[in-house]
1. Pull up the stretch 164-196, narrow it to residues that are buried (at least 22 other Cβ atoms within 10 Å of the Cβ), out of contact with any His (no Cβ under 7 Å at 6 or more places or on another chain) and not β-branched (Val, Ile, Thr), then point me to the one that is nearest to Ala340 (Cα to Cα).
2. Could you tell me which numbered condition Val374 fails, if it satisfies all but one of (1) surrounded by 24 or more Cβ atoms within 10 Å (Cβ to Cβ); (2) β-branched (Val, Ile, Thr); (3) part of a loop (DSSP other than H, G, I, E, B)?
3. I'm told Pro58 meets every condition in (1) in a loop (DSSP other than H, G, I, E, B); (2) surrounded by 18 or more Cβ atoms within 10 Å (Cβ to Cβ); (3) under 24 Å from the mean Cα position of the chain (by Cα) except one. Can you identify the failing condition by its number?
4. Which one is nearest to His339 (Cα to Cα) among residues in the stretch 256-283 that are touching a residue at least 60 places away in the same chain (Cβ under 8 Å) and part of a helix (DSSP H, G or I)?
5. Please indicate, with yes or no, whether at least one residue in the stretch 236-251 is in a helix (DSSP H, G or I), closer than 29 Å to Leu356 by Cα and open to solvent by 30 Å² or more (accessible area, probe 1.4 Å).
6. Test Asp64 against the criterion of being within 30 Å of Leu168 (Cα to Cα), charged (D, E, K, R), crowded, with 22+ Cβ neighbours inside 10 Å and modelled with pLDDT of 95 or more, and give yes or no.
7. Six or more apart or on different chains, Cβ under 6 Å: which pairs go from a residue in the stretch 311-331 that's surrounded by 19 or more Cβ atoms within 10 Å (Cβ to Cβ) to one that's of a type in the set (A, V, I, L, M, F, W, C) and modelled with pLDDT under 90? Could you list them?
8. With the condition being at pLDDT 95 or above and hydroxyl-bearing (Ser, Thr, Tyr), I'd like the strands (runs of 3 or more DSSP E) fully within the stretch 68-172 carrying at least 3 qualifying residues.
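The values are calculated or read from the model by the stated rules, or taken from the named source; none is laboratory data. Everything numeric here is computed off the predicted structure, so don't read it as measured data. In this analysis, Cβ positions are derived from the backbone assuming ideal geometry, glycine residues included, and neighbour counts consider all displayed protein chains. Note: areas computed on protein heavy atoms with side chains; ligands, DNA, RNA excluded. Shrake-Rupley method; radii C 1.70, N 1.55, O 1.52, S 1.80 Å.
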Amino acid sequence: MQRRMWAPKIDFAQLRRDLGLVPDFSDAAEAQARSVTDRYRDQRVDRTDLELVTIDPPGSMDLDQALRVVPLTDEPGGGFLVHYAIADVAALVEPDSPIDEASRTRGQTVYFPDGNVPLHPRALSEGLGSLLPDQVRPAVLWTVEVDRGGDCRSVQVCRATVRSRARLDYAGVMADLRADRLHPAVSALPDFGRTRLEWSLDRGAVQLDLPDQEIVPHAPGRAWTLRLAPRTPADQWNAQVSLLIGMCAGRIQREAGVGLLRTLPPASAEAIGDLRDAAHHLRIPWPPEMTPGEFLASLTPEAPTTLALMSVGSRLMRGAGHLALDAESAARSDAQVEHAGVGGVYAHVTAPLRRLADRYATEVCLAVTEGREVPDWVRAQLPALPAVMRGSDSVASAAERRSIDLTEAVVLSDQVGRRFEAVVMRDGNGKRSPEIFIAEPAIVAPCADAPEAGNRCTVEVVEADPAIPHVAFRAVANAAGANVTGTNPTVANPTGSAGTS
C-alpha cells in the first residue's frame, strides 16, 4: 500500500464559496485603503523612542501589536513596565466609509490554509496599518505597571506614533532565551509571563493546552499535510501581555458603564463534575483546594491522560460572547459580566486589524481615560456588535473545522486499512463515538471499539471519504488479543496558552 501522508490537491476556494465568503473588496474600498491618512495625527504623542518589537508567526503581515516588557527597577519591590502598541485602525477608517461598511459586514479575518479572507483590504491590514518593522505608524499605546505579584499598579492609554524595531517569532524568542541574547525589548517577558499566569490561576482562570491541528504545505509542489501547531512558552508569555491589556480595557469600560466586553459564564457544575469524574477514572489526584484551572495547569504535558483531561476540560469554556454595556447590563454583578476563562472583566482590544470589536472597545477606552464623551459613531454601533461578532465567530470556526475535515479525508483517502498508534481523547456516549488523536499526521477522529479515555491503542482507518468529508477508525487488538497500551505515540507537549475566546 502506498504510504503517502499528504494531500496533493484541495480546493479551499470551494470552502470559501460554500461559506459565502468573498475575498475581494469593492473598488471604492480598495482605493480608500491605498490612500488612507491618519485622521488623528494632531492628537498623538511621539513615542518612536520606545524600543518595541512584534512577536507573530513567521510570514505574518497583519501585525496588530508591538510590545516592550522590561523590569521596573526604580519602584519598591520591582515589577514590570509594559508598553503595548496596538494598530490604530479607527484613525485610518472613516465611519460609514466603504472600508467601514465592508468590515462591519465581515466581522473578522477568516483563515484558510492557502490564505485568508481579510477584515480590511490588504493595503491597510498588511501595509499602512500594520506595525511592520522600521515603519512609523499610528498606534494606541497602553502603558501598564505591574507589581511583582502580578497586580496591575497603573494604566495609561493614549494615541501615539511608534516604530517597531524588529519582527520576532516564537521559536526565535526561545532560541534567543537559550542563547542568553533576548532582545532588550522583551528582557522581562519570561518572568512577566510566568508571574501573570500564576496570578490568573489564583483567580480561577482556566488554560486549555489541547494540541492544535495545523494544515501546512508539503514539498514538493502545492500539496498539504497536517501537523501539530508548534507551541512554545513564548506563545504563553506573549498571550499574557494581551490578556493583561484586555483586562485593563474591560475594567475601564465596566467602571464607565459603556463599551463592549468579551464574556464567558462560569463553568457549570456539570462540566466541573465531568472533569472530576474523568480525573478519578484516570487515577489522577485532584486536591480539593485546587481550582479546575490550577488542576489542569498541574498536569504533566506529555502524558496521554492529560490530553484526555484537557479534552473534557474544554467543556468548562462554553458560552463565550460579546456584551454591549448599557443601563441594564451595567447594573449586573461582576460575576455576570466577567470572562471566567481569564478570571475577571475582559475586552477584546488587541487585534483591530483582524477583529471588528477591538476598534470600538479601544475608542471607548480612549474616550473614558481622556474624560470625554464616547464618539457617536461608536455608541451607534455598540448594540449591534455582539450579533456581528457571534456570526463571524461561527463562520471562522466552520472554516477551520471544514478545512481540517477535508484535509484529513484527502490525506487518508488511499490509506484505508492502515494502522496508527493513537491516544483516546474522549469516551463515547449515546450520541457520539469515542475520539482518538494521532500525532503523525495530526488527526482527531471518531473511533469505534476504543478503550477508555487516556489509553493508548492501535487504530485502523476504516473510512476516508473526501466527498462528505469524513474519516473514521476502529481500535484493533494486538497479537495477544488486547488493545496496545505499551507503545507511546508522539503525544503533544504544548506549553503555550490556548488563547482566550
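1. Narrowing the stretch 164-196 to residues buried (at least 22 other Cβ atoms within 10 Å of the Cβ): 164, 168, 173, 185-186, 188-189, 192-193, 196.
The next check asks that each one be out of contact with any His (no Cβ under 7 Å at 6 or more places or on another chain); those that pass are 164, 173, 185-186, 188-189, 192-193, 196.
Filter once more, so that each one left must be not β-branched (Val, Ile, Thr): 164, 185, 188-189, 192-193, 196.
Working: Ser164: 33, Ala185: 31, Ala188: 27, Leu189: 24, Phe192: 22, Gly193: 19, Arg196: 16 Å.
Looking at the filtered set, the residue picked out is Arg196.
2. Here Val374 meets the rest and fails (1).
3. Among (1) in a loop (DSSP other than H, G, I, E, B); (2) surrounded by 18 or more Cβ atoms within 10 Å (Cβ to Cβ); (3) under 24 Å from the mean Cα position of the chain (by Cα), the lone unmet condition for Pro58 is (2).
4. Pass one, the stretch 256-283, residues touching a residue at least 60 places away in the same chain (Cβ under 8 Å): 256-267, 278, 281-282.
Adding the requirement that they be part of a helix (DSSP H, G or I) leaves 256, 278, 281.
Details: Ala256: 18, Ala278: 25, His281: 29 Å.
Only one residue fits best here, namely Ala256.
5. So in the stretch 236-251, the residues in a helix (DSSP H, G or I) come out as 236-251.
Adding the requirement that they be closer than 29 Å to Leu356 by Cα leaves 236-251.
Keeping just the survivors that are open to solvent by 30 Å² or more (accessible area, probe 1.4 Å) gives 251.
Yes, because at least one residue in the stretch 236-251 is in a helix (DSSP H, G or I), closer than 29 Å to Leu356 by Cα and open to solvent by 30 Å² or more (accessible area, probe 1.4 Å).
6. On the way: within 30 Å of Leu168 (Cα to Cα): yes; charged (D, E, K, R): yes; crowded, with 22+ Cβ neighbours inside 10 Å: yes; modelled with pLDDT of 95 or more: yes.
When the stated conditions are applied, Asp64 passes them.
7. Once the first residue is surrounded by 19 or more Cβ atoms within 10 Å (Cβ to Cβ) and sits in the stretch 311-331, its partners that are of a type in the set (A, V, I, L, M, F, W, C) and modelled with pLDDT under 90 give Ser311/Met425; Gly313/Leu208.
8. Details: elements: 80-87, 110-112, 115-117, 136-146, 152-168.
Hits in the stretch 68-172: 152-168.
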